[in-house]
Structure formats: C-alpha cells, structure tokens
Amino acid sequence: MNLYNANENAMLDGLLVVDFSQFLAGPLAGLKLADMGARVIKIERPEVGDLCRYLYLTDVEVDGANTLFHAINRNKQSYSADLKNSDDLERVRTLCSKADVIIQNFRPGIMQRLGLDYEQIRAINPGVVYASISGYGEQGDWKDLPGQDLLAQAKSGLLWLSGDDGDAPTAMGLAVADQLAGNIAVQGILAALIKSGRTGRGAHIQTSLLEALVDFQFEVLTTHVNDQKKRLPKRSSFNNAHAYLSAPYGVYSTKDGFIALAMMSVVKLGEIISCAALEAFSDETQWFEQRDHIKRILAQHLASEKSEHWMKLFVAHDVWASEVLDWPQLFQSTSFQELDFFQEIDLGKGASMTAMRSPIRVDGEVLKSTKPAPIIGQHNAEIDREFDLTTLNDQSITKGGYDEIVK
C-alpha cells in the first residue's frame, strides 16, 4: 500500500505519477489519480512553485493557506527542481524514467526544449503514459495563445448558450474548461494504462481546453452541423436555460423562491397546475415557436403560490421539477449529508480546512485523505533517497525553464 494514500480502496496504489502541471487542468488530473491511490509527485520551481499557490478565490484563506491551491493539490508530494539547471533537470529526467504517468500543461514546444517531451521520455521509459493538456491544441494559429479558462470559453461558442436572447455573451461561472480537460485527461490516462499493462507500450494522451469545451457542447453542436440551414442557437428571451429546448424548460420565480422545470408536455403541465391558458397550446410545435409567450404565462401563474405548494403537486405527478437551492440549503439536506462529501485536511500545528472528497465510491466506501497540499520541495530529500536521483551532469540536455510558460 502506498503510505501516502491510506485508504484501503486505493485502486491505483503503486502507480507513480510525475506532474509538471500548474494552475488547474493538469493539477486536477493529478488530484483525481491521487484520490484513487496513485502517488503524485508535483514538480515545482524552487521557492516560487506552482503559480496557483498565489491565485486566491476572493480573499478566503485558512491559517495563511490558499484554499484554491489546497483544493486541487492536496494528497500530493512536492519535488522542487530548477529546470534551467542541468543537474536538477537530470534528476527529474531520471524520475521520469521510473514513472508510470507524466502530466504536463506547458505551452507547446517547452517540454521538447527541456528534453522532457513524450518522444524523449519514451526512449528511456517505453511503457510511460504521458498526458499533455494545452489551451487550443498543439498545432494551428492558436497553439501559443494563453490557455486560460475564460479565454477558451470565449473561443468555443459556449458563451452564446447561457443568458437570455439579447444579453451579452455569458460565461459559465466556473472554470469549466479546466475541469473538463482535467477529467478528460484522466479518462485517457486510465485507458492508456490498461494498454500499457497489456502490451508494455505506453501512449501520449493529448487534449486541450478547447477540445474539452467542444466535446461539452456535442449535443447542440451535432444539431447545428446537421441543420441544412446552419441556424445559430437562439436563446429564449425569457427564462432561458437551454437554447435548443422548448417551453417550459427554465427557472421560474414563486411567491417565496425559485423552481426549475425540465422537459414536459405544456398541456399536461397546465392540467396539473390548473392553468387553462397553458392547456390551449395543444400543438407541440408551438412549445418551441412560442416558448417565450408560454414561459411568461407560466411564470405569472407560478408566482401566485409558494414553492412548497407547487413542489407537492409536481412530486405527486412525477413532474421533472426541483426547488432552486443555495449552498446552505443543499448542505442541510439529508440527501447531501448521506453523500458524506466533506473531508478535513490536516494543515499541521492544529490547523485544518474543509475540502471536497473524490466523487467516486469503491465497494460502497468513499475515498478520503487528510493529506494537505505540500510545501514547495517538501519531499525532495525523501524522493532523492528513494529514487537515487544523483547528479549526472549530462550537458547534452537542453536547458529551459518554468519562466517560459508565462511568456
């Protein structure tokens, strides 16, 4: 059992991951592997480390710790190395020769100049699974542009799906590109590990923020590219929740809150809530063509009663509906509490912080770890001894550095 991951259901126990990535997409992939039992060694620049260490969400910190960095780098080890120094670079290269998985999200070309790209590592480690996450792919006019979440959303077309018709392009309020790309990378890594186990040959897994967002939109993009008229998505001008779905799909105000309604017959809905005006729309084509008008009728009707009144009707008739909860309301629900989703991270010296656990269960058990994000270079001595990372002074290795990622 890998002692760094104490859960007995650690499915990837014994797997060594060397993670060069920064910010969110790559480190998220490393986190997912760590939570499943892999040993993840995070390669960081001495003294500075991952730039995400200094990227705060609002002004929240716990005992001087950046909660964002801990959220995506807990349960890992840190090895500091200056990749512009040939001795440090050779130590890292030796570590890579013993890795099962390597993750990197440098801009295209940087790992090649460092002598750490897939082809050069494969020469010394044929079974390695090497995952590269870029902003927009590794070829094309955009390959050297900053691979940042909001910028990727802007290029992907995603901003034209949220908000109402007439609104400015509306971004999703999460780092959705980073998180999707990280999870997609994990899918590829796990599949490649199966191949490596069967054949002894590894693979180069590549994805990008843009590819993740295009894949995220596959449902509506498939409709668009097969539309003879090539019509662009048309957001509803009132209560838009999906540009391609008819009424009643949307979120509606009640007397004391909000209710979300999914797809269903407008006529049937009218019968359930005693709204004769809705029952008049018997032609299903009207539900899309006149969706704004239908939604306004429905909104006026739902505003007359409290959420509890409507939800009793909806539950009784198996209507796809839900009250809209905020985070405290979610946390108070017995269903959320049954998920046991929070875990406490031990920051040392009596300090702790709350984090989310892995969303995976194994044989009914949740995957948790109390290990915090590491201090920069915290595990250098341990890793040097274990992997015999002696100085080899191979001057043939190309020099480079972490600085290049932000140029």
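The values are calculated or read from the model by the stated rules, or taken from the named source; none is laboratory data. Predicted model only: the values in this text are computed from it and were never measured. Because the Cβ atoms are built from the backbone with ideal geometry, glycine has one as well, and the counts that use them run over all protein chains shown.
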Residue within the range 208-231 that is at pLDDT 95 or above and in contact with a strand residue (DSSP E or B) (Cβ under 7 Å, 6 or more places away or on another chain) present: yes
Selection count where residues are surrounded by fewer than 12 Cβ atoms within 10 Å (Cβ to Cβ) and within 21 Å of the chain's Cα centre (by Cα), scope the range 358-367: 1
Within the range 363-386, tally of residues that are farther than 24 Å from GLY350 by Cβ and among the small types (Gly, Ala, Ser): 2
Matching residues in the range 119-131 - criterion: being crowded, with 22+ Cβ neighbours inside 10 Å and of a type outside the set (A, V, I, L, M, F, W, C): TYR130
Filtered residues of the range 218-240 (kept if over 23 Å from LYS295 (Cβ atoms) and in a loop (DSSP other than H, G, I, E, B)): ASN226, ASP227, GLN228, LYS229, LYS230
Checking ALA71 against (1) touching a helix residue (DSSP H, G or I) at 6+ places or on another chain (Cβ under 8 Å); (2) closer than 16 Å to THR370 by Cα; (3) not basic (Lys, Arg), the condition it does not meet: (1)
Checklist (1) out of contact with any His (no Cβ under 9 Å at 6 or more places or on another chain); (2) outside any loop (DSSP other than H, G, I, E, B); (3) over 19 Å from GLN22 (Cβ atoms) applied to ILE133, failing item: (3)
So THR67, is it β-branched (Val, Ile, Thr), over 22 Å from SER208 (Cα atoms), under 19 Å from the mean Cα position of the chain (by Cα) and in the same structural domain as ILE205 (by TED's automatic domain parsing): yes
Top-ranked residue in the range 88-116 [being in contact with a strand residue (DSSP E or B) (Cβ under 8 Å, 6 or more places away or on another chain) and of a type in the set (D, E, K, R); ranked as surrounded by the fewest Cβ atoms within 10 Å (Cβ to Cβ)]: LYS98
Failed criterion for ALA355 (all others in (1) surrounded by fewer than 19 Cβ atoms within 10 Å (Cβ to Cβ); (2) assigned to a strand (DSSP E or B) hold): (1)
Which listed residue, of GLY140, GLY135, GLY200, is at positive phi and touching a residue at least 60 places away in the same chain (Cβ under 8 Å): GLY200
Leading residue by the ranking (farthest from SER97 (Cα to Cα)) among those in the range 183-230 that are among the acidic types (Asp, Glu) and either surrounded by fewer than 17 Cβ atoms within 10 Å (Cβ to Cβ) or over 15 Å from the mean Cα position of the chain (by Cα) (or both): ASP227
Positions within the range 30-64 being out of contact with any Lys or Arg (no Cβ under 9 Å at 6 or more places or on another chain), modelled with pLDDT of 95 or more and farther than 23 Å from ARG91 by Cβ, in sequence order: LYS32, MET36, GLY37
